[in-house]
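To keep things clear, I will list the structure first and then write my remarks on it.
The values are calculated or read from the model by the stated rules, or taken from the named source; none is laboratory data. Since the model is a prediction, treat every value here as computed from it, not as a measurement. Please note: Cβ atoms are built from the backbone with ideal geometry, for glycine as well, and neighbour counts cover all protein chains shown.
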Amino acid sequence: MKALKIILVILLFLCLLDMPYGYYQFVRFVSFAVFGYLAYQAHQKGNKTEAFIYLALALLFQPFIKIALGRTLWNLVDVVVGIGLVLSVFFEPVKKNK
């Protein structure tokens with residue numbers, strides 16, 4: 001899962017550059033798929049909060065109904081989500097022993 005997150009971070013940060021429109025569509029498809037997978041994995045582990053966050057991100061990035069936020073706001077979203085993913089790679093939640 002860490003590799004998927006790192007790849008997605010790179011794709012999101014590349015969105016800050018002036019790329020062809022097809023690239024942004026590609027990132028939306030990949031983001032939708034990865035966030036959907038991460039939501040499923042979090043749900044399987046019983047982490048409802050994390051599952052909800054990933055599900056919300058999957059819906060935000062979904063490629064079927066375009067959410068028009070404007071380039072500046074999308075860039076901000078890409079950076080915040082990218083930083084959040086990087087932090088989630090390095091600071092995984094501590095597992096509680098039951």
Please find, within segment 55-74, the residue that is modelled with the lowest pLDDT out of those that are part of a helix (DSSP H, G or I) and more than 13 Å from the chain's Cα centre (by Cα).
-> ARG71
Might you check whether a residue that is touching a Lys or Arg at 6+ places or on another chain (Cβ under 9 Å), closer than 17 Å to MET1 by Cβ and aliphatic (A, V, I, L, M) occurs anywhere in segment 74-82?
-> no
Among the residues of segment 89-96, is any modelled with pLDDT under 90, basic (Lys, Arg) and not in a helix (DSSP H, G or I)?
-> yes
Kindly provide the set of residues from segment 16-45 that are basic (Lys, Arg) and assigned to a helix (DSSP H, G or I), ordered by number.
-> ARG28
Residue count for segment 42-58, restricted to those that are closer than 23 Å to ASN75 by Cβ and either loosely packed, with under 15 Cβ neighbours inside 10 Å or among the basic types (Lys, Arg) (or both) = 1
